[in-house]
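To keep things clear, I will list the structure first and then write my remarks on it.
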Amino acid sequence: MIFVWVGCLGISFGQSTVSTRGWNILSDSYEDAMVTISAAAEYRINHLQLSHDLVMDLNEIREKEKRTLVNNLISKAHEAGVKEVVLWDHALYSLKYYPDQFKTGPKGTINLDNPQFWEWFKQDYREMMKLVPEADGLVLTFIETGARAEKQYSAKMTTDAQKLAAVVDAVGSVVCDELGKKLYIRTFAYTDQEYKNTIGCISHIKNDKIILMMKETPHDFFLTHPNDQYAGTIHRPTIMEFDTGNEFNGQGIIANTWPDYILKRWSELMVRPNVIGYVARTDRYNDTRLVGTPNEILLYTLKRYSEDSSVTTSKIYEEFIAKNYGSEAIPFLKPAFSLAFDVVSSSMYTLGTNIANHSKMDFDPYKSSYGRHVSGKWIDPPLVTIGHDVNQQFHCWKDIVEHLAPYWLKRADGPLKEEAPWVIKNNWVTPTEQMNEAFLDYILTEKKYGTAAARKALDYVVQAKPFLPDAAFAQLHQLFYRTLLTARTYEATAAAYFGYRVYSRGLAFQTVRLKETIQKSLDSMLEIAAEIDKYPEKVPVGQWNWRNDATTMRKYHQLITETGWKEYGGVIFKMQGR
């Protein structure tokens, strides 16, 4: 376990009332969306968001095919008893979207002081909202959008916060004031300073009907991030956004069966002032929906704890398993499900840092793993204790990033300059290769732990077979077998990649033990890649295509044994006896 925690019908708990129980559908698969919508009544869902592949920017509604799909889903959701269906939007759109007559600011920027621009802007929203007449409102992301409002011209609005607030109020005047619909504004920031800027913007918003939507974690959805410290601190009704679709943690393609993790977050966030409910993502594109799979337990956890804050993780496991698989399967599936968090947090994460590119295995050159996504950005002091048989406390930067990050990502002019400048200022990292055999041992220990946990979970599923219908067993076995193959993929590739980094430092580092470790892992990579290729079952595909990790393993194998990694001087590892 990695320890980095900080700390329904209007049912009240403490300072909070859970009045909004929401889901968010990202995929444009009509079949999967209908399965999800059909389950909404059982979960007492009263708020549904349609986003991403369905509608990311409201102007996409002008496309007939998309508009037809979205309007159909809105109607189906209302028929299923969902009171409120809202669509995602981002404003401002790209600069080219807006008429040239308004781009009279420096370098062709929009002149925000021109009242005619705002009239055009509001009329545009009136026209777009007419195309989706049954939609009950919008979820507006107003930070980090196409034509960033803060970069447009204004002599009257002297701060970024004022410009951003002007956009929100203009949308609100149409959506809330004229049409009587809901407007949720979604915060987003990469750094603590950006959060402060966002909060400054919110203080300038005049429309008191606007509701906030904030993520469970700062910046993005990582298992090792603390809860968002700002959620609930702003005096506006706030709903919390949960990534039960696990963008960075397996996307439902592997086991994401961890109610304990959800309870740790929701139990603390739910009772904060101003928090009125939640919205949970129900997929990560395409056919990765949770409903009807073991990973649905995450949606069930939010439902049950919102109904009854005394419910325990153990009770949630037992209820969900009994309902979906039968009570006789509880002794086997409960421990299998409970191992999933340890598997993912020791496989897709390395010493507390996520090193998966939106769940795709990508140690190098995905720079975000070693800067933008480091949980140490949000923890003070940035110390984490790693379990997973490592059982050590590490400094996120001086220990973990210093050793794990490729040297060129630690330069003073590299990504840390923007992402975490204090790391450079404090000399917590050096722009030289620091991966060594000691840290390689920590990595190997952790990855071995993850594989062992995955194998144990699969064994439990096999033991449950006599108590399960054939279809249920097949689904569970495939999910946990893919989970095991994923853990083995990370174990083998991490040993080869990080071992190669040590090997590339020269003869003094090329011990017999290191060579044996690298060679064994390289052989394993090809064996696992072949198993993935031969995997006979249909695999859900989200943003992550699970099968493509086999291609990545072969690519790394070639880089290490044939061409060399150019950033490491083109050093080639010579396979012994080959």
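FYI, it's all coordinate maths here, none of it is from the lab. Just so it is clear, the structure is predicted and the values come from calculations on it, not from any experiment. Don't worry about glycine lacking a Cβ; one is built from the backbone with ideal geometry, like all the others, and counts go over all protein chains shown.
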Of the convex hull enclosing the alpha-carbon atoms of the chain, the direction-averaged projected area in nm² is 27.3 nm²
Could you work out the Rg to Rh ratio of segment 325-396, with Rh taken as the Kirkwood radius (inverse of the mean 1/r over all Cα pairs)? 1.11
By the Cα gyration tensor axes a ≥ b ≥ c (a/c under 1.5 gives rounded; else a/b larger than b/c gives prolate, otherwise oblate), the shape of segment 271-312 is oblate
For segment 163-177, what does the Karplus curve 6.51 cos²θ - 1.76 cosθ + 1.60, with θ = phi - 60°, yield as ³J(HN,Hα) per residue in whole Hz, taken in order and with x for Gly and Pro? 5, 5, 5, 4, 5, 4, 5, 5, 5, x, 5, 7, 5, 8, 6
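Mind checking the dipole of segment 50-114: about its Cα centre, +1 per Lys or Arg Cβ, -1 per Asp or Glu Cβ, Debye to the nearest 20?
I would put it at about 140 debye.
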Summing -39500 (n - 2.57) over every DSSP H run of at least 4 residues in the chain and dividing by its residue count gives a helix-only mean residue ellipticity at 222 nm, to the nearest 500 deg cm²/dmol, of -12500 deg cm²/dmol
Electrostatic dipole magnitude of the chain [Cβ: Lys, Arg +1; Asp, Glu -1; Cα centre; debye, to 20]: 700 debye
Which lysines, on any chain, are close to Lys574 with Cα under 21 Å apart, when same-chain ones fewer than 8 places away are left out? Lys515, Lys520, Lys555, Lys566
Most exposed first by the Cβ proxy, i.e. fewest other Cβ within 10 Å, how do Lys196, Lys215, Lys515 rank? Lys196, Lys515, Lys215
Whole-number D in µm²/s for segment 326-578 (Stokes-Einstein; Kirkwood sum over Cα pairs; 25 °C, 0.890 mPa s): 128 µm²/s
Name the residues whose placed amide hydrogens come within less than 5 Å of the amide hydrogen of Val85, ignoring near sequence neighbours (fewer than 5 apart) on the same chain. Leu48, Asp136
Size descriptor, Kirkwood hydrodynamic radius, that averages inverse alpha-carbon separations across segment 283-385, Å: 16.2 Å
Could you put Thr385, Thr20, Thr445 in order, starting from the residue whose Cβ has the fewest other Cβ atoms within 10 Å? Thr385, Thr445, Thr20
Note, ³J(HN,Hα) from phi for segment 262-273, Karplus 6.51, -1.76, 1.60, rounded to Hz, x at Gly and Pro: 5, 5, 4, 6, 5, 4, 8, 6, 4, 8, 6, x
Stick to the Cα atoms of segment 366-437, pair each with every other, and give me the Kirkwood hydrodynamic radius in Å at one decimal. 12.3 Å
Just want the answer: with Cβ charges of +1 for Lys and Arg and -1 for Asp and Glu, which residue in Met240, Phe222, Ile211 is farthest toward the dipole's positive end in segment 208-247? Ile211
Once phi is turned into θ = phi - 60°, what whole-Hz ³J(HN,Hα) does the Karplus curve with 6.51, -1.76 and 1.60 give for every residue of segment 89-105, x standing for Gly and Pro? 7, 9, 9, 7, 6, 4, 4, 5, 5, 8, x, 4, 4, 9, 8, 9, x
Taking the Cβ of each residue in Phe121, Phe242 as the centre, tally the other Cβ atoms inside 10 Å and list the residues starting with the fewest. Phe121, Phe242
Once the dipole of segment 8-325 is set up from charges on Cβ (+1 Lys and Arg, -1 Asp and Glu), the residue from the list Asn324, Val86, Phe142 lying farthest towards its positive end is Phe142
Long-range amide H partners of Asp287, meaning residues 5 or more apart or on another chain whose placed amide H is closer than 5 Å, are Val541
Specify the inter-centroid distance of segment 312-339 and segment 39-54, based on alpha-carbon positions, in whole Å. 25 Å
Amide H neighbours of Asn24 under 5 Å, counting only residues 5+ apart in sequence or on other chains, H built in-plane at 1.01 Å? Gln49, Ala280, Arg281, Thr282
